[in-house]
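Student: This is the structure I want to talk about, given as structure tokens.
Derivation of every value follows stated rules applied to the coordinates shown; laboratory data play no part. Because the structure is predicted, anything quoted here is derived from the model rather than measured. With ideal geometry, Cβ positions are generated from the backbone for all residues, glycine too; neighbour counts draw on all protein chains shown.
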């Protein structure tokens, strides 16, 4: 474990001074450790665990840079290694959550996505069959020129049906009137 | 005139002493990472409490939404945690329990951590001989507390992962 206790001393005036120069990479180590601890707590909360990857990667980068600096200057590396380990574990937890979310999303798409597609197709077919006999009007307007296309594919059939129905009604009415 | 002179001299000495003690404190923080880490973590916890107090549970306008629910459409075990924290800060514990069953546990973790950061920092400054042991106790107790308070969430993550890898 990192020795936190040996870096300070007091001069005769009572002022605290650094005993020796601050080890290289120490600031990065502190930053990495704090970021890693926060990332770890975030990673374990499922609501925000997915975004914990970002601070996790930042902590890993900080710790790695600090470690390289510390190894160059032969400085203590306890805080840096602690920060790196915690950051790696936190990032792995966060990645596992991304995997879980991805899998659930895929499963949802597989199980329900197909059904939803079938329902949409059914609705589309129903709408098509309902609108088969309807009037279709397309208007195109460009530079003051207007083009209007009206189509009515099954109008004749409908008219014939209506006429037949009307005739049938008239016949029945006539019979009633005669009876009266 | 003499009294003015005396007053100025005493103020000057006071200022010097204060600046000296300030520089002592700055040097101490700079050279002792443990105190710096403790103070930063305490600051983060205070920010969490401010966040909980700032956003009202009535308005329900929390900026942090559940990303898991947004992606998968299924609520997760920590949904309603912000709401729960806001209610705990306002003293409505039973309502907080309804929003998230584990909200109180997690809130207690943060509250205890805040107390621990302050207490361990004071002990660290007071008892210089036992600093190494103190840091060891701090790490051990924090890990145990974390596992106790976050166990339901950890279990949920592990279960989800295991179920999906088997399927």
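Student: How far is helix B:2-31 tilted, in degrees, relative to the longest principal axis of the Cα atoms in chain B, given as a value from 0 to 90 rounded to the nearest 10?
Tutor: Relative to chain B, helix B:2-31 is tipped by roughly 40 degrees.
Student: Cβ neighbours within 10 Å, averaged per peptide: list B:82-89, A:140-147 in order, most packed at the top.
Tutor: B:82-89, A:140-147
Student: Also, quick follow-up: Other chains' Cβ within 10 Å of A:92-103 residues: what's the mean?
Tutor: 5
Student: Angle check, please: helix B:131-166 long axis (alpha carbons) against the longest principal axis of chain B (alpha carbons), in degrees 0 to 90, nearest 10.
Tutor: Long axis of B:131-166 versus the principal axis of chain B: about 20 degrees.
Student: Here's a follow-up. Going by the alpha-carbon gyration tensor, a ≥ b ≥ c the square roots of its eigenvalues, is region A:24-80 rounded (a/c under 1.5) or, if a/c is not under 1.5, prolate (a/b greater than b/c) versus oblate?
Tutor: Cα axes put region A:24-80 in the prolate bin.
Student: Where does each of B:120-129, A:49-58 land if you order them by average Cβ count within 10 Å, highest first?
Tutor: Put in order of decreasing packing, that is A:49-58, B:120-129.
Student: Can you give the extra length, in nm with one decimal, that the chain gains between residue B:90 and residue B:5 once fully stretched, where that is 0.36 nm per residue apart less the Cα-Cα distance? It would help to have the intermediate numbers written out before the result.
Tutor: Details: separation 85, 0.36 × 85 = 30.60 nm, distance 5.30 nm.
Roughly 25.3 nm would be gained on extension.
Student: Using alpha carbons only, how many degrees (0 to 90, rounded to 10) separate the axis of helix B:103-126 from the longest principal axis of chain B?
Tutor: Helix B:103-126 sits at roughly 30 degrees to that axis.
Student: What is the spin-label model distance, in nm, from residue A:118 to residue B:139 if the labels are put 7 Å beyond Cα along the C-beta direction?
Tutor: 5.8 nm
Student: If you take each beta carbon of peptide B:62-68 and count the beta carbons of other chains within 10 angstrom, what is the mean?
Tutor: 4
Student: Can you give the calculated 222 nm mean residue ellipticity of chain B, where each DSSP H run of n ≥ 4 adds -39,500 (n - 2.57) and the sum is split over every residue, rounded to the nearest 500 deg cm²/dmol? Could you put the intermediate results ahead of the total?
Tutor: Details: 7 runs with 134 residues, N = 167.
Mean residue ellipticity at 222 nm (helix-derived): -27500 deg cm²/dmol.
Student: Something else about it: Evaluate the distance, in nm, between pseudo-label points positioned 7 Å from the Cα of residue B:69 and of residue A:127 along their respective Cα→Cβ axes.
Tutor: So the label points at residue B:69 and residue A:127 sit 3.1 nm apart.
Student: Could I have the simple spin-label model distance between residue B:56 and residue B:163, label points 7 Å from Cα toward Cβ, reported in nm to one decimal?
Tutor: If labels sit at residue B:56 and residue B:163, their model points lie 3.7 nm apart.
Student: Per residue, how big is the convex hull around the C-alpha atoms of region B:32-166? Give it to me in cubic angstrom, could you?
Tutor: So the per-residue hull volume is 137 Å³.
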